[in-house]
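Engineer: Could you have a look at this structure, given as structure tokens, before my questions?
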Amino acid sequence: MKKRDILFKKLTSQLQDQEEEAFQQWLQKSEENSQLYESLTLLQKEKKEFKAYQHLDVDKAWKKVQTKSKSKNHLPLKQKVKKKSTFWMMVACIALLVGSVTGLSLFTASSTTPIEANKPTSIQTGSDKAVLTLADGTQVTLQKGKQYQTQSLQCNGEQLVYKEPVKDQVQFNYLTVPRGGQFLVQLEDGTKVWLNSETQLKYPTVFVPGQTRQVSLVYGEAYFDVSPSENHNGAAFVVAHKQQLIKVLGTEFNVKAYKGEAYVYTTLVEGSVKVNIQEKEKVLIPNQQAVWSLQDKTLEMATVAVEPEISWKQGIFHFEGSQLQDIMKVLGRWYDVDFEFENQKLKETKFVGLIKKSYQIEEILMLMKSADIITEYKINKRTIVLK
Amino acid sequence: MSPLEKTFKNHYKEFCLLSFHYTQDMSEAEDVVQDVFVKVLEKSEDITQLKHYLMVAVKNASLKRITNKYACVELKEQSLTEGSLFSETDKEHAFKRKVQLYKQIDLLPTQCRKIFLMCVLEGYKYQEVADRLGISVNTVKTQMKKAYKILRIALKSLYLLIITAA
């Protein structure tokens, strides 16, 4: 039989059992043969994708780009929508949309005895909450549904806003978000800071005009949308964490510096920042991340996909090939639980995926079970054992 | 032709494949890629390493699109070829190979490509292809032989390219 016939037969599943050996021989005969076979089986597997690819019309697409670009240019210049202010609204929309369509139905469909909504579970989904420590040491608990107001600040239970100062006396406040919490604070200069679970931020209640505006991320993770320097007589904004200083001139970025972790990550979304640790200094451009190793004392830079880094702020955990143990660390902070692995190998298995923060922990565990990621789980107070 | 237009014309389909990798929907992918180009057109500043920049931009825009669209619990194990055994560079190579394979098939002479795809992709037998196209079985065989030959050469240089580039 001719060689190419044997390849064709194999590809179209017409190969007889007794011909299999001949095919294997052909396959092993040269690297080219195996490359050809590998490529063509790949092509068959991706039939739909390849067909869609074939139908792409480059010229038509280019014309579309030009039309889109032109129609945009005709809009007034400052029409750029400030999307950040609508974040919480988006979160609400996503939660509504997805909750009603995908997730919940999937959940109930896969479980024979659906858990009733009112069944009391000891583990709560995270929510908007934080503790505000005033300059005199007074502690105020902030949480959803609770209003709090003083002369210089007001809080609606979801976000804390500092207003124009009554007197120019610089005092420091701390905002501490516990495990299972998140919070948004707007500082006196208009800078917005989203705080993730288990995070503490120290900041002055008033910024002295013309002087560097400095805040400290004591620990945890925060997303900064910094009010531009040009609105503050050129005063730079600095985020300090231990020896690391991030110098900013109006931009958006994420800093991750959890307690007990070996690295501090600074990810730039927009604008430009300078990361400085003693004599080391790196300038980041968007999509770049500075990684400071606390052990090795090194400061490295990498280009990263920004979205997974900052999606927590939009109510979603986004993992791109993270190890399960790291995923569980993130979930642990949000649900205030600890995870234990019975199967050590499972710890290092990598996953991609999205998890909505509004889910109950048991919904996530059930889904992981039905996807065969874990075989069983056991909840013991605040500890969850994965098998 | 501006450098941007040139990059678009040469690599549009590749950008779409990259976005498809995340969005799993070609019209969504086209939308993402076009939006990225619209944004870059507006910037009007010179970008060095334009293609690399665009690849990263397309990837980010795609991730953003799926985050907004399917914000649901969907934690899935990375497919076997992407597991912990393989590094990020392996994934990149697999993607490059796919792009090249698709490109090479695109470059096959029209008749040759048509016959090749009917056989390999649609699973028609030689005789069926001959009947449908009103040609002889021999012509089908000759064209298949031609397609294999071209792809074989293209693949060989492609594998070499990736190995040396690694």
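The values are calculated or read from the model by the stated rules, or taken from the named source; none is laboratory data. Note that the coordinates shown come from a computational prediction; the quantities given were computed from them, not determined experimentally. All Cβ positions, glycine included, derive from the backbone under ideal geometry; neighbour counts span all protein chains shown.
Engineer: Can you tell me how many residues within the stretch A:329-358 are over 30 Å from A:Glu270 (Cβ atoms), crowded, with 21+ Cβ neighbours inside 10 Å and within 11 Å of another protein chain (Cβ to nearest Cβ)?
Structural biologist: 0
Engineer: Same structure again: May I ask you to verify whether A:Thr303 is among the β-branched types (Val, Ile, Thr) and either more than 14 Å from chain B (Cβ to nearest Cβ) or in contact with a Gly (Cβ under 9 Å, 6 or more places away or on another chain) (or both)?
Structural biologist: Values: among the β-branched types (Val, Ile, Thr): yes; either more than 14 Å from chain B (Cβ to nearest Cβ) or in contact with a Gly (Cβ under 9 Å, 6 or more places away or on another chain) (or both): no.
Taking the combined requirement at face value, the residue does not satisfy it.
Engineer: Let me ask something else about it. State whether one or more residues within the stretch A:260-271 are at pLDDT 90 or above, crowded, with 19+ Cβ neighbours inside 10 Å and not hydrophobic (A, V, I, L, M, F, W, C).
Structural biologist: yes
Engineer: For the stretch A:364-387, which positions are facing another protein chain (nearest Cβ under 7 Å) and either part of a helix (DSSP H, G or I) or in contact (Cβ under 8 Å) with a residue 60 or more places away in the chain (or both)? Walk me through it before giving the result.
Structural biologist: First, pick out the residues of the stretch A:364-387 that are facing another protein chain (nearest Cβ under 7 Å): A:364, A:367-368, A:371, A:373.
Scanning the stretch A:364-387 gives A:Ile364, A:Leu367, A:Met368.
Engineer: I'd like to check something: does the stretch A:230-250 contain any residue that is surrounded by 15 or more Cβ atoms within 10 Å (Cβ to Cβ), touching an Asp or Glu at 6+ places or on another chain (Cβ under 6 Å), in a strand (DSSP E or B) and not assigned by TED's automatic domain parsing to the domain that holds A:Trp334?
Structural biologist: no
Engineer: What single numbered condition from (1) part of a strand (DSSP E or B); (2) hydroxyl-bearing (Ser, Thr, Tyr); (3) touching an Asp or Glu at 6+ places or on another chain (Cβ under 6 Å) fails to hold for A:Tyr223?
Structural biologist: (3)
Every residue, every condition in (1) without any contact (Cβ under 8 Å) to a residue 12 or more places away in the chain; (2) loosely packed, with under 14 Cβ neighbours inside 10 Å; (3) more than 17 Å from B:Ile105 (Cβ to Cβ); (4) not polar (S, T, N, Q), yes or no:
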site	(1), (2), (3), (4)
A:Lys10	no, no, yes, yes
A:Ser13	yes, yes, yes, no
A:Ser30	yes, yes, yes, no
A:Ser39	yes, no, no, no
A:Phe50	yes, no, no, yes
A:Ala61	yes, no, yes, yes
A:Lys68	yes, no, yes, yes
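Engineer: Hey, another quick one. I'm trying to understand the selection: among the residues of the stretch A:1-57, which are more than 8 Å from chain B (Cβ to nearest Cβ), in a helix (DSSP H, G or I) and hydrophobic (A, V, I, L, M, F, W, C)?
Structural biologist: Hits for the stretch A:1-57 are A:Ile6, A:Ala22, A:Phe23, A:Trp26, A:Leu27.
Engineer: Being over 19 Å from A:Met368 (Cβ atoms) and assigned to a helix (DSSP H, G or I) is the filter here; which residues of the stretch A:313-342 pass it?
Structural biologist: Once the filter is applied, which keeps residues that are over 19 Å from A:Met368 (Cβ atoms) and assigned to a helix (DSSP H, G or I), the stretch A:313-342 yields A:Lys313, A:Gln314.
Engineer: Can you work out which of the residues in the stretch A:281-297 that are in a strand (DSSP E or B) and within 13 Å of A:Tyr265 (Cβ to Cβ) is farthest from the other protein chains (Cβ to nearest Cβ)?
Structural biologist: Filtering the stretch A:281-297 for residues in a strand (DSSP E or B) gives A:281-284, A:288-293.
Applying the additional criterion that residues be within 13 Å of A:Tyr265 (Cβ to Cβ) yields A:282, A:284, A:288-293.
On the way: A:Lys282: 18, A:Leu284: 14, A:Gln288: 10, A:Gln289: 12, A:Ala290: 17, A:Val291: 15, A:Trp292: 21, A:Ser293: 19 Å.
My answer is A:Trp292.
Engineer: If I ask for residues that are crowded, with 20+ Cβ neighbours inside 10 Å and over 16 Å from A:Gly234 (Cα atoms), which ones from the stretch A:186-204 would you list?
Structural biologist: Answer for the stretch A:186-204, where residues must be crowded, with 20+ Cβ neighbours inside 10 Å and over 16 Å from A:Gly234 (Cα atoms): A:Leu187, A:Val193, A:Trp194, A:Leu195, A:Asn196, A:Ser197, A:Glu198, A:Thr199, A:Gln200, A:Leu201, A:Tyr203, A:Pro204.
Engineer: Which members of the stretch A:205-218 meet the condition of being crowded, with 19+ Cβ neighbours inside 10 Å and within 11 Å of A:Leu175 (Cα to Cα)?
Structural biologist: A:Leu217
Engineer: For the stretch B:125-153: of the residues being of a type in the set (D, E, K, R) and part of a helix (DSSP H, G or I), which is farthest from the chain's Cα centre (by Cα)? Outline the logic, then answer.
Structural biologist: Residues of the stretch B:125-153 of a type in the set (D, E, K, R): B:125, B:128, B:131-132, B:141, B:145-146, B:149, B:152.
Checking which are part of a helix (DSSP H, G or I) leaves us with B:128, B:131-132, B:141, B:145-146, B:149, B:152.
On the way: B:Glu128: 29, B:Asp131: 31, B:Arg132: 28, B:Lys141: 27, B:Lys145: 23, B:Lys146: 22, B:Lys149: 21, B:Arg152: 18 Å.
Top of the filtered list is B:Asp131.
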